[in-house]
Amino acid sequence: MKIFKLIFVALVVTCCHQNEKQSGESVHPNQFNTAQGPVDEAALGITLSHEHVMSNFGKDIGETAVYDSIRLFEQVIPYLKELKSLGVASLFDCTTEYFGRRIDLLKALSEATGIQIITNTGFYGAADDRYIPDFAYQANPETIAAGWIKEFEQGIQGTGVKPGFIKLAFDEGKPPSEIDSKLFEAGLLTHLSTGLTLAVHTGNNLEAAKVQEALLNQYGVDASAWIWTHANKVEDDRVMLERARQGAWISLDGVKTSNIDEYLKRLVLFKEHNLLNKVLLSHDGNGFPGGGEIRKFEAIFTHLIPAMKENGFSEEDIRQLLVENPREAFKIRTRTGPTS
Ligand SMILES: [Zn+2]
(Lines give C-alpha, C1' and ligand atoms only; values in the text may rest on other atoms or scores of the structure.)
Protein backbone atom coordinates (compact mmCIF):
# COMPACT_ATOMS: atom_id res chain seq x y z
CA MET A 1 0.00 0.00 0.00
CA LYS A 2 2.79 2.38 1.06
CA ILE A 3 4.67 1.94 -2.20
CA PHE A 4 1.50 2.73 -4.23
CA LYS A 5 1.06 5.89 -2.23
CA LEU A 6 4.64 6.92 -2.97
CA ILE A 7 4.25 6.19 -6.66
CA PHE A 8 1.08 8.27 -6.63
CA VAL A 9 2.87 11.21 -5.01
CA ALA A 10 5.68 10.85 -7.59
CA LEU A 11 3.16 10.86 -10.45
CA VAL A 12 1.37 13.88 -9.06
CA VAL A 13 4.73 15.64 -8.81
CA THR A 14 5.66 14.85 -12.40
CA CYS A 15 2.24 15.95 -13.56
CA CYS A 16 2.28 19.19 -11.54
CA HIS A 17 5.82 19.89 -12.66
CA GLN A 18 4.69 19.90 -16.27
CA ASN A 19 1.20 21.34 -16.20
CA GLU A 20 0.23 23.16 -13.08
CA LYS A 21 0.77 26.85 -12.76
CA GLN A 22 -0.53 28.68 -9.74
CA SER A 23 -1.64 32.21 -10.12
CA GLY A 24 1.15 34.54 -9.04
CA GLU A 25 -0.44 35.79 -5.83
CA SER A 26 1.43 38.71 -4.37
CA VAL A 27 2.71 38.53 -0.84
CA HIS A 28 1.16 40.96 1.65
CA PRO A 29 3.08 42.60 4.45
CA ASN A 30 3.48 40.16 7.35
CA GLN A 31 3.13 37.14 5.09
CA PHE A 32 5.70 34.53 4.20
CA ASN A 33 6.10 32.69 0.91
CA THR A 34 5.93 28.93 1.41
CA ALA A 35 5.96 26.07 -1.08
CA GLN A 36 2.18 25.99 -0.66
CA GLY A 37 1.68 29.73 -1.12
CA PRO A 38 1.70 32.73 1.22
CA VAL A 39 0.91 32.28 4.93
CA ASP A 40 0.34 34.84 7.67
CA GLU A 41 3.22 35.39 10.05
CA ALA A 42 1.18 33.99 12.96
CA ALA A 43 1.16 30.61 11.16
CA LEU A 44 4.96 30.39 10.96
CA GLY A 45 5.25 28.93 14.48
CA ILE A 46 8.33 27.01 15.59
CA THR A 47 10.78 27.49 12.75
CA LEU A 48 14.09 25.97 11.74
CA SER A 49 15.99 28.67 9.88
CA HIS A 50 18.68 26.65 8.09
CA GLU A 51 18.06 23.10 6.91
CA HIS A 52 18.15 21.16 3.66
CA VAL A 53 15.12 19.01 2.92
CA MET A 54 17.41 17.48 0.31
CA SER A 55 20.56 18.39 -1.61
CA ASN A 56 23.12 16.71 -3.78
CA PHE A 57 26.30 18.30 -2.47
CA GLY A 58 29.31 16.81 -4.22
CA LYS A 59 27.53 16.02 -7.48
CA ASP A 60 28.25 17.80 -10.72
CA ILE A 61 26.35 21.09 -11.24
CA GLY A 62 24.28 19.50 -14.04
CA GLU A 63 23.17 16.61 -11.80
CA THR A 64 22.33 18.28 -8.50
CA ALA A 65 18.59 18.58 -9.23
CA VAL A 66 18.20 14.89 -10.13
CA TYR A 67 16.64 12.78 -7.35
CA ASP A 68 15.18 9.32 -7.04
CA SER A 69 11.81 10.73 -5.97
CA ILE A 70 10.35 7.41 -4.73
CA ARG A 71 13.28 6.87 -2.37
CA LEU A 72 13.27 10.53 -1.42
CA PHE A 73 9.59 10.45 -0.41
CA GLU A 74 10.04 7.15 1.39
CA GLN A 75 12.80 8.66 3.52
CA VAL A 76 11.81 12.28 3.94
CA ILE A 77 8.01 12.15 4.40
CA PRO A 78 8.13 10.10 7.66
CA TYR A 79 11.01 12.24 8.91
CA LEU A 80 9.20 15.53 8.32
CA LYS A 81 6.13 14.07 10.05
CA GLU A 82 8.34 13.18 13.01
CA LEU A 83 9.65 16.75 13.11
CA LYS A 84 6.08 18.01 13.05
CA SER A 85 5.28 15.86 16.08
CA LEU A 86 8.24 17.56 17.83
CA GLY A 87 6.46 20.88 17.25
CA VAL A 88 8.20 22.16 14.10
CA ALA A 89 5.78 24.12 11.91
CA SER A 90 8.13 25.65 9.32
CA LEU A 91 11.58 25.30 7.88
CA PHE A 92 13.70 27.47 5.66
CA ASP A 93 15.29 25.31 2.99
CA CYS A 94 18.78 26.50 2.07
CA THR A 95 19.38 24.39 -1.04
CA THR A 96 19.82 26.86 -3.89
CA GLU A 97 19.25 26.58 -7.62
CA TYR A 98 22.17 24.69 -9.25
CA PHE A 99 22.78 23.05 -5.86
CA GLY A 100 19.74 20.77 -5.88
CA ARG A 101 16.69 23.00 -5.40
CA ARG A 102 13.51 21.31 -6.69
CA ILE A 103 10.37 23.31 -6.09
CA ASP A 104 8.00 20.56 -7.26
CA LEU A 105 9.44 18.10 -4.75
CA LEU A 106 9.43 20.63 -1.89
CA LYS A 107 5.78 21.38 -2.64
CA ALA A 108 4.82 17.70 -2.67
CA LEU A 109 6.72 17.06 0.58
CA SER A 110 5.05 20.02 2.24
CA GLU A 111 1.61 18.87 1.10
CA ALA A 112 2.24 15.32 2.30
CA THR A 113 3.50 16.33 5.76
CA GLY A 114 1.96 19.68 6.67
CA ILE A 115 5.40 21.19 7.31
CA GLN A 116 5.65 24.67 5.78
CA ILE A 117 8.76 24.88 3.61
CA ILE A 118 10.22 28.22 2.58
CA THR A 119 12.56 28.07 -0.39
CA ASN A 120 15.08 30.60 -1.64
CA THR A 121 16.45 32.50 -4.59
CA GLY A 122 20.19 33.11 -5.11
CA PHE A 123 23.28 31.03 -5.95
CA TYR A 124 25.62 29.05 -3.72
CA GLY A 125 29.11 30.58 -3.95
CA ALA A 126 30.96 28.26 -1.52
CA ALA A 127 32.45 24.83 -2.47
CA ASP A 128 35.05 26.59 -4.66
CA ASP A 129 32.30 28.20 -6.74
CA ARG A 130 31.40 24.91 -8.39
CA TYR A 131 27.64 25.54 -8.08
CA ILE A 132 27.67 28.95 -9.75
CA PRO A 133 26.31 28.88 -13.31
CA ASP A 134 28.69 30.03 -16.06
CA PHE A 135 26.58 32.99 -17.16
CA ALA A 136 27.03 34.65 -13.74
CA TYR A 137 30.74 35.23 -14.45
CA GLN A 138 29.94 37.40 -17.47
CA ALA A 139 26.77 39.04 -16.17
CA ASN A 140 26.68 42.23 -14.09
CA PRO A 141 24.98 42.30 -10.66
CA GLU A 142 21.89 43.99 -12.13
CA THR A 143 21.34 41.19 -14.67
CA ILE A 144 21.82 38.48 -12.03
CA ALA A 145 19.47 40.30 -9.64
CA ALA A 146 16.84 40.60 -12.39
CA GLY A 147 16.53 36.80 -12.50
CA TRP A 148 16.11 36.55 -8.72
CA ILE A 149 13.61 39.43 -8.63
CA LYS A 150 11.63 37.71 -11.37
CA GLU A 151 11.43 34.56 -9.22
CA PHE A 152 10.01 36.70 -6.39
CA GLU A 153 7.53 38.50 -8.59
CA GLN A 154 6.37 35.68 -10.85
CA GLY A 155 7.24 32.50 -9.01
CA ILE A 156 10.01 29.98 -9.65
CA GLN A 157 10.21 28.10 -12.95
CA GLY A 158 6.47 28.30 -13.68
CA THR A 159 5.45 26.69 -10.38
CA GLY A 160 3.94 29.84 -8.88
CA VAL A 161 6.02 29.18 -5.74
CA LYS A 162 7.93 32.25 -4.63
CA PRO A 163 11.17 32.46 -2.67
CA GLY A 164 11.05 33.58 0.98
CA PHE A 165 14.69 34.67 1.22
CA ILE A 166 17.97 35.09 -0.66
CA LYS A 167 20.64 32.42 -0.12
CA LEU A 168 24.26 33.20 -0.95
CA ALA A 169 27.66 31.91 0.13
CA PHE A 170 31.30 32.91 0.44
CA ASP A 171 34.06 30.33 0.37
CA GLU A 172 35.67 29.75 3.72
CA GLY A 173 39.42 29.86 4.39
CA LYS A 174 40.29 32.15 1.48
CA PRO A 175 39.95 35.83 0.56
CA PRO A 176 36.49 36.71 -0.80
CA SER A 177 36.44 36.02 -4.54
CA GLU A 178 35.25 38.49 -7.16
CA ILE A 179 32.29 36.27 -8.09
CA ASP A 180 31.14 35.79 -4.47
CA SER A 181 31.22 39.55 -3.92
CA LYS A 182 29.40 40.17 -7.22
CA LEU A 183 26.66 37.72 -6.23
CA PHE A 184 26.37 39.51 -2.90
CA GLU A 185 25.89 42.81 -4.76
CA ALA A 186 23.16 41.14 -6.83
CA GLY A 187 21.65 39.99 -3.52
CA LEU A 188 21.63 43.56 -2.19
CA LEU A 189 19.86 44.78 -5.33
CA THR A 190 17.35 41.97 -4.93
CA HIS A 191 16.77 42.94 -1.30
CA LEU A 192 16.19 46.58 -2.23
CA SER A 193 13.64 45.54 -4.83
CA THR A 194 11.86 42.72 -2.96
CA GLY A 195 12.54 43.10 0.78
CA LEU A 196 13.84 39.51 0.99
CA THR A 197 16.45 38.87 3.69
CA LEU A 198 19.98 37.76 2.76
CA ALA A 199 21.21 34.54 4.40
CA VAL A 200 24.91 34.34 3.56
CA HIS A 201 27.13 31.34 4.25
CA THR A 202 30.16 33.10 5.77
CA GLY A 203 31.37 30.87 8.62
CA ASN A 204 34.66 31.95 10.15
CA ASN A 205 35.65 34.03 7.11
CA LEU A 206 35.96 37.38 8.87
CA GLU A 207 37.31 39.02 5.75
CA ALA A 208 34.18 37.98 3.84
CA ALA A 209 32.07 39.35 6.71
CA LYS A 210 33.92 42.67 6.40
CA VAL A 211 33.44 42.83 2.63
CA GLN A 212 29.73 42.20 3.12
CA GLU A 213 29.50 44.86 5.82
CA ALA A 214 31.13 47.40 3.49
CA LEU A 215 28.80 46.49 0.61
CA LEU A 216 25.72 46.65 2.85
CA ASN A 217 26.77 50.20 3.77
CA GLN A 218 27.57 51.10 0.18
CA TYR A 219 24.11 50.00 -1.01
CA GLY A 220 22.39 51.57 1.99
CA VAL A 221 21.04 48.27 3.34
CA ASP A 222 20.67 47.90 7.11
CA ALA A 223 22.55 45.12 8.93
CA SER A 224 19.21 43.60 10.00
CA ALA A 225 18.64 42.46 6.40
CA TRP A 226 21.70 40.18 6.70
CA ILE A 227 22.13 36.79 8.34
CA TRP A 228 25.64 35.64 9.24
CA THR A 229 25.12 31.99 8.27
CA HIS A 230 27.28 29.33 10.00
CA ALA A 231 28.39 31.93 12.58
CA ASN A 232 28.78 28.96 14.95
CA LYS A 233 32.19 28.48 13.27
CA VAL A 234 33.41 31.95 14.28
CA GLU A 235 36.30 31.70 16.71
CA ASP A 236 36.25 35.23 18.11
CA ASP A 237 32.97 35.77 20.00
CA ARG A 238 33.56 39.52 20.19
CA VAL A 239 33.23 39.95 16.40
CA MET A 240 29.87 38.17 16.44
CA LEU A 241 28.56 40.14 19.41
CA GLU A 242 29.64 43.40 17.78
CA ARG A 243 27.82 42.56 14.53
CA ALA A 244 24.71 41.48 16.47
CA ARG A 245 24.75 44.82 18.31
CA GLN A 246 24.70 46.53 14.91
CA GLY A 247 21.54 44.59 14.07
CA ALA A 248 22.84 41.60 12.06
CA TRP A 249 21.37 38.12 12.62
CA ILE A 250 23.73 35.51 14.01
CA SER A 251 22.90 32.04 12.76
CA LEU A 252 24.15 29.23 15.00
CA ASP A 253 23.03 26.52 12.67
CA GLY A 254 25.07 23.39 13.28
CA VAL A 255 23.40 21.88 16.37
CA LYS A 256 24.11 18.17 16.84
CA THR A 257 23.71 15.81 19.78
CA SER A 258 27.52 15.88 20.11
CA ASN A 259 27.97 19.66 20.46
CA ILE A 260 25.20 20.74 22.86
CA ASP A 261 27.61 22.20 25.45
CA GLU A 262 29.27 24.40 22.86
CA TYR A 263 25.88 25.82 21.80
CA LEU A 264 24.73 26.25 25.36
CA LYS A 265 27.86 28.28 26.11
CA ARG A 266 27.22 30.55 23.14
CA LEU A 267 23.56 31.03 24.07
CA VAL A 268 24.53 31.95 27.64
CA LEU A 269 26.95 34.52 26.22
CA PHE A 270 24.27 36.11 23.99
CA LYS A 271 21.80 36.11 26.88
CA GLU A 272 24.33 37.84 29.15
CA HIS A 273 24.78 40.53 26.52
CA ASN A 274 21.02 40.91 26.02
CA LEU A 275 21.39 39.82 22.42
CA LEU A 276 19.34 36.63 22.41
CA ASN A 277 16.95 38.53 20.13
CA LYS A 278 19.54 38.42 17.32
CA VAL A 279 20.26 34.66 17.33
CA LEU A 280 18.89 32.03 14.94
CA LEU A 281 19.19 28.33 15.79
CA SER A 282 19.23 25.41 13.38
CA HIS A 283 21.01 22.17 12.46
CA ASP A 284 22.07 22.48 8.80
CA GLY A 285 20.59 19.00 8.51
CA ASN A 286 19.75 17.19 5.31
CA GLY A 287 16.84 14.86 4.67
CA PHE A 288 18.34 13.21 1.59
CA PRO A 289 22.03 14.09 1.24
CA GLY A 290 23.20 12.88 -2.15
CA GLY A 291 20.49 10.22 -1.89
CA GLY A 292 21.99 8.89 1.35
CA GLU A 293 20.94 8.62 4.97
CA ILE A 294 19.29 11.57 6.75
CA ARG A 295 21.56 14.08 8.46
CA LYS A 296 19.08 14.69 11.27
CA PHE A 297 17.62 18.04 12.29
CA GLU A 298 16.00 17.42 15.66
CA ALA A 299 18.75 17.80 18.31
CA ILE A 300 17.48 21.28 19.27
CA PHE A 301 14.29 19.63 20.55
CA THR A 302 15.64 16.38 21.92
CA HIS A 303 18.86 17.70 23.52
CA LEU A 304 19.46 21.47 23.40
CA ILE A 305 16.12 22.68 24.81
CA PRO A 306 16.26 20.31 27.80
CA ALA A 307 19.85 21.49 28.47
CA MET A 308 18.76 25.14 28.16
CA LYS A 309 15.96 24.60 30.66
CA GLU A 310 18.39 23.07 33.14
CA ASN A 311 20.60 26.14 32.71
CA GLY A 312 18.11 28.88 33.46
CA PHE A 313 16.59 29.60 30.07
CA SER A 314 12.87 30.34 30.21
CA GLU A 315 10.07 29.22 27.88
CA GLU A 316 10.05 32.81 26.71
CA ASP A 317 13.75 32.64 25.72
CA ILE A 318 13.11 29.46 23.75
CA ARG A 319 10.11 31.00 22.02
CA GLN A 320 12.23 34.02 21.19
CA LEU A 321 14.86 31.85 19.50
CA LEU A 322 12.57 29.51 17.60
CA VAL A 323 9.47 31.58 16.85
CA GLU A 324 10.03 35.30 17.17
CA ASN A 325 13.58 35.62 15.82
CA PRO A 326 13.02 33.68 12.56
CA ARG A 327 9.76 35.58 12.00
CA GLU A 328 11.55 38.88 12.47
CA ALA A 329 14.71 37.95 10.56
CA PHE A 330 12.90 36.75 7.44
CA LYS A 331 10.11 39.32 7.42
CA ILE A 332 9.73 40.55 3.86
CA ARG A 333 10.49 44.26 3.99
CA THR A 334 13.19 46.51 2.63
CA ARG A 335 15.56 47.56 5.39
CA THR A 336 17.58 50.60 4.44
CA GLY A 337 20.44 51.99 6.47
CA PRO A 338 22.92 54.85 6.20
CA THR A 339 24.81 55.03 2.91
CA SER A 340 28.53 55.61 3.13
ZN1 LIG B 1 23.42 24.53 4.72
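The values are calculated or read from the model by the stated rules, or taken from the named source; none is laboratory data. What you see is a predicted model; the values in this text were computed from it and never measured. All Cβ positions, even for glycine, are placed from backbone atoms using ideal geometry, and neighbour counts span all protein chains on display. Heavy atoms of the whole protein, side chains included, go into the accessibility calculation; ligands, DNA and RNA do not. Shrake-Rupley method; radii C 1.70, N 1.55, O 1.52, S 1.80 Å.
Considering only residues of region 94-116 that are assigned to a loop (DSSP other than H, G, I, E, B) and of a type in the set (S, T, N, Q), which is nearest to the ligand (Cβ to nearest atom)?
Going residue by residue through region 94-116, those that are assigned to a loop (DSSP other than H, G, I, E, B) are 94-102, 114-115.
Keeping just the survivors that are of a type in the set (S, T, N, Q) gives 95-96.
Details: T95: 8, T96: 10 Å.
Of everything passing the filter in region 94-116, T95 is nearest to the ligand (Cβ to nearest atom).
Pull up region 303-335, narrow it to residues that are on the phi < 0 side of the Ramachandran plot and among the small types (G, A, S), then point me to the one that is most open to solvent (accessible area, probe 1.4 Å).
In the first step, residues of region 303-335 are kept if they are on the phi < 0 side of the Ramachandran plot; the result is 303-311, 313-335.
Of the ones still in play, those that are also among the small types (G, A, S) are 307, 314, 329.
Values: A307: 19, S314: 49, A329: 0 Å².
Only one residue tops the list, namely S314.
Looking at G203, G160, G187, can you tell me which residue is in contact (Cβ under 8 Å) with a residue 60 or more places away in the chain and under 18 Å from the mean Cα position of the chain (by Cα)? Spell out how you get there, then give the answer.
Numbers: G203 fails: in contact (Cβ under 8 Å) with a residue 60 or more places away in the chain; G160 fails: under 18 Å from the mean Cα position of the chain (by Cα).
After applying the criteria, what remains is G187.
In this structure, is I156 out of contact with any strand residue (DSSP E or B) (no Cβ under 9 Å at 6 or more places or on another chain) and β-branched (V, I, T)?
no
Yes or no: region 246-254 includes at least one residue that is outside any helix (DSSP H, G or I), of a type in the set (D, E) and in contact with a Ser or Thr (Cβ under 8 Å, 6 or more places away or on another chain).
Within region 246-254, one or more residues are outside any helix (DSSP H, G or I), of a type in the set (D, E) and in contact with a Ser or Thr (Cβ under 8 Å, 6 or more places away or on another chain).
Enumerate the pairs (first residue in region 86-113 and on the phi > 0 side of the Ramachandran plot and open to solvent by 10 Å² or more (accessible area, probe 1.4 Å); second residue anywhere and more than 16 Å from the ligand (Cβ to nearest atom) and not in a loop (DSSP other than H, G, I, E, B)) with beta-carbon separation below 7 Å, excluding pairs fewer than 6 apart on the same chain, so at least 6 apart or on different chains.
G87/F301
Among residues belonging to region 114-133 that are out of contact with any strand residue (DSSP E or B) (no Cβ under 6 Å at 6 or more places or on another chain), open to solvent by less than 10 Å² (accessible area, probe 1.4 Å) and among the aliphatic types (A, V, I, L, M), point out the one that is farthest from S85 (Cα to Cα).
Looking at the filtered set, the residue picked out is I132.
Give L72, L44 a once-over and let me know the one that is among the aliphatic types (A, V, I, L, M), under 27 Å from H201 (Cα atoms), modelled with pLDDT of 95 or more and within 18 Å of the chain's Cα centre (by Cα).
Working: L72 fails: within 18 Å of the chain's Cα centre (by Cα).
Being among the aliphatic types (A, V, I, L, M), under 27 Å from H201 (Cα atoms), modelled with pLDDT of 95 or more and within 18 Å of the chain's Cα centre (by Cα) holds for just one of L72, L44, which is L44.
Does region 141-155 contain at least one residue that is at positive phi and modelled with pLDDT of 95 or more? Talk me through it step by step, then tell me what you get.
Just the residues of region 141-155 that are at positive phi, to begin with: 155.
Cutting the leftovers down to modelled with pLDDT of 95 or more gives us 155.
Among the residues of region 141-155, at least one is at positive phi and modelled with pLDDT of 95 or more, which makes the answer yes.
Residues in region 266-292 that are without any contact (Cβ under 8 Å) to a residue 24 or more places away in the chain and either crowded, with 19+ Cβ neighbours inside 10 Å or away from the ligand (no atom under 16 Å from the Cβ) (or both): how many? Please lay out each step first, then the result.
Of all residues in region 266-292, those without any contact (Cβ under 8 Å) to a residue 24 or more places away in the chain come to 272, 274, 292.
So of that shortlist, the ones also either crowded, with 19+ Cβ neighbours inside 10 Å or away from the ligand (no atom under 16 Å from the Cβ) (or both) come out as 272, 274.
Final tally of qualifying residues: 2.
So, in region 160-174, exactly how many residues are at negative phi and open to solvent by 20 Å² or more (accessible area, probe 1.4 Å)?
Here the count works out to 2.
Being away from the ligand (no atom under 16 Å from the Cβ) and open to solvent by less than 10 Å² (accessible area, probe 1.4 Å) is the filter here; which residues of region 224-233 pass it? Give the derivation first.
Residues of region 224-233 away from the ligand (no atom under 16 Å from the Cβ): 224-226.
Result: A225, W226.
Please find, among L267, L280, L241, the residue that is under 20 Å from G45 (Cβ atoms) and among the hydrophobic types (A, V, I, L, M, F, W, C). It would help to see each step written out before you state the result.
On the way: L267 fails: under 20 Å from G45 (Cβ atoms); L241 fails: under 20 Å from G45 (Cβ atoms).
That would be L280, the only listed residue that is under 20 Å from G45 (Cβ atoms) and among the hydrophobic types (A, V, I, L, M, F, W, C).
Going through region 121-147 one residue at a time, which ones are assigned to a loop (DSSP other than H, G, I, E, B) and acidic (D, E)?
As a first pass, look at region 121-147 and keep what is assigned to a loop (DSSP other than H, G, I, E, B): 122-126, 130-134, 139-140.
Within region 121-147, just D134 meets the criteria.
Regarding region 56-68, can at least one residue be identified that is outside any loop (DSSP other than H, G, I, E, B), of a type in the set (A, V, I, L, M), more than 16 Å from the ligand (Cβ to nearest atom) and in contact (Cβ under 8 Å) with a residue 40 or more places away in the chain?
The answer is no; no qualifying residue exists.
Which is among the hydrophobic types (A, V, I, L, M, F, W, C), outside any loop (DSSP other than H, G, I, E, B), away from the ligand (no atom under 16 Å from the Cβ) and modelled with pLDDT of 95 or more, of V88, V39, V13?
Working: V88 fails: outside any loop (DSSP other than H, G, I, E, B); V13 fails: modelled with pLDDT of 95 or more.
Answer to the check: V39.
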